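A short reminder: the numbers here are calculations on the coordinates, not readings from a lab. Please read all numbers here as calculations on a predicted model, not as lab measurements. Cβ: placed from backbone, ideal geometry, glycine included. Neighbour counts: every protein chain shown.
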Amino acid sequence: MKYAIIIPDGCADEPQDSLNGNTPLQAANVPAMDEIAEAGVVGRANNVPLHLPPGSAVANLSLLGYDPNVHFTGRAPLEAAAQGIELGPDDWAVRCNLVTVEDQIMCDFTAGHVSSEEAKELLDLAQQQLVEGPLEFVPGVSYRNLLLYRGATQAVPFDRDTRTTPPHDLTDKSVTEDYPRGPGSDLLTDLMSRSIDIFADHPVNAARRAAGKLVATNLWLWGLGKAPSLQPFQEAYGKSGKMITAVDLLRGLAALIGWDRIEVPGATGYTDTDYAAKGRYAIDALDSTDIICVHVEASDEASHEGDVAAKIRALEEIDRHIVRPLHNELRDRGEYRILVSPDHPTPIRTKTHSHGFVPFAIAGSGVERDGLATYDEISAEASTLDFSEGWKLMKYFLG
């Protein structure tokens, strides 16, 4: 039996006035996803308990079959794992965005999708001028970077009560009430504030300003946590797996559960990603694993930008270049199951992640049709298949 999981990140949404009351999933031309729905079952899953942040870390942990109430420690430790960074028992990882804040408004949580090379230059300066002792900035991809606090040699200022706000939750909003709070927050806020002065006239920002691009005004620190302890997926579910993604969060989660990670040329984690390449690499991986999981960030990024047309385009590209060829290949091979599900909703209206149920569709060997014919939020609401604890869906999917 071969299994495939396709995660169109953040694709669950609300009815849109601009789409005559349809959601983006309803409005998009996604015949391959609809075919899975018609051939199998449609249902709903709630991947994020209300008391946990509705971000991709919690949601994907749940979607891959791990109870977030037990295993979630923070987003940044997952991204550290993606880079092969080992965290000791007293170490903390902190997510470090480069952002554009003007007049205390979060104009862009990506600093205009600053390049990885530009980000490294800015973080090198931050390392030289802002920190000492147990603190270390670690460049990542584009605006997504890390700050490590090595706590073995001195008292750690953070604990579970330290609260931070993801910058993508603040798009076009005031940030004045959303700086870090609780233990260790003074340290984080001080670094964020002091970064403004050292970045202002940096050559990277001068060049971006001259080119008419957004500048990286400062650091935004959030998502901190200690290393989680996750049972390998092979032990928990008896299956091997491989992950295709362009996002460090999913790379790290894969590493922690013992899945191999497949790097696809042209995969960007944005709407310009190479969808067809992801589809080809997924098919090629079937010979060497039980489960292939393809995560696509593009639909979530479109929501963060409030771009309904881009979200529809992303869904149609996922359908055409990933879902269709992968489903065809699976059927040709014999026994299989395929799951399509986002991690969490990301409404166009709010431009940020939210709590709530997401629709899923499953088809394949041993899956009896339930009579629902389309893959979307409305179809899922009509289903009796309901996982209020989303992490339990994995066992159902694997059969």
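Cross-link reach is defined here as a Cα-Cα straight distance under 28 Å, omitting same-chain residues fewer than 8 places apart; for Lys239 the lysines meeting it are Lys2, Lys226, Lys278, Lys392, Lys395. Report the local net charge at Gln128: Lys and Arg +1, Asp and Glu -1, summed over other residues whose C-beta lies under 13 Å from its C-beta. Summing Lys and Arg as +1 and Asp and Glu as -1 gives -2.
Could you tell me what percent of the DSSP beta bridges with both partners in the chain are antiparallel, to the nearest 5? Don't skip to the end; give the middle numbers.
Numbers: 33 of 55 bridges.
For the chain, the DSSP antiparallel bridge percentage is about 60.
Taking the Cβ of each residue in Thr346, Thr100 as the centre, tally the other Cβ atoms inside 10 Å and list the residues starting with the fewest. Display every interim value, and only then the final one.
Working: Thr346 26, Thr100 23.
Listing Thr346, Thr100 from fewest to most nearby Cβ atoms yields Thr100, Thr346.
Only helices enter the 222 nm calculation for the chain: every DSSP H run of n ≥ 4 contributes -39,500 (n - 2.57), and dividing by all residues gives -9500 deg cm²/dmol, rounded to 500.
When each of Lys311, Lys2, Lys173, Lys395 is scored by the number of other beta-carbon atoms lying within 10 Å, the sequence from fewest to most is Lys395, Lys173, Lys2, Lys311.
Between the C-alpha center of region 267-294 and that of region 114-150 there is a gap of 30 Å. Only beta bridges with both residues in region 92-225 are counted; by DSSP, about 95 percent of them are antiparallel.
By the count of neighbouring beta-carbon atoms within 10 Å, fewest first, Cys107, Cys293, Cys96, Cys11 end up ordered Cys107, Cys293, Cys96, Cys11. The Cα center of region 213-236 and the Cα center of region 365-399 differ in position by 29 Å. Excluding same-chain residues fewer than 8 positions from Lys351, which aspartates and glutamates have a Cα within less than 15 Å of its Cα? Within the straight-line cut-off, Lys351 pairs with Asp9, Asp13, Glu14, Asp108, Asp169, Asp172, Glu297, Asp300, Glu301, Glu305, Asp307.
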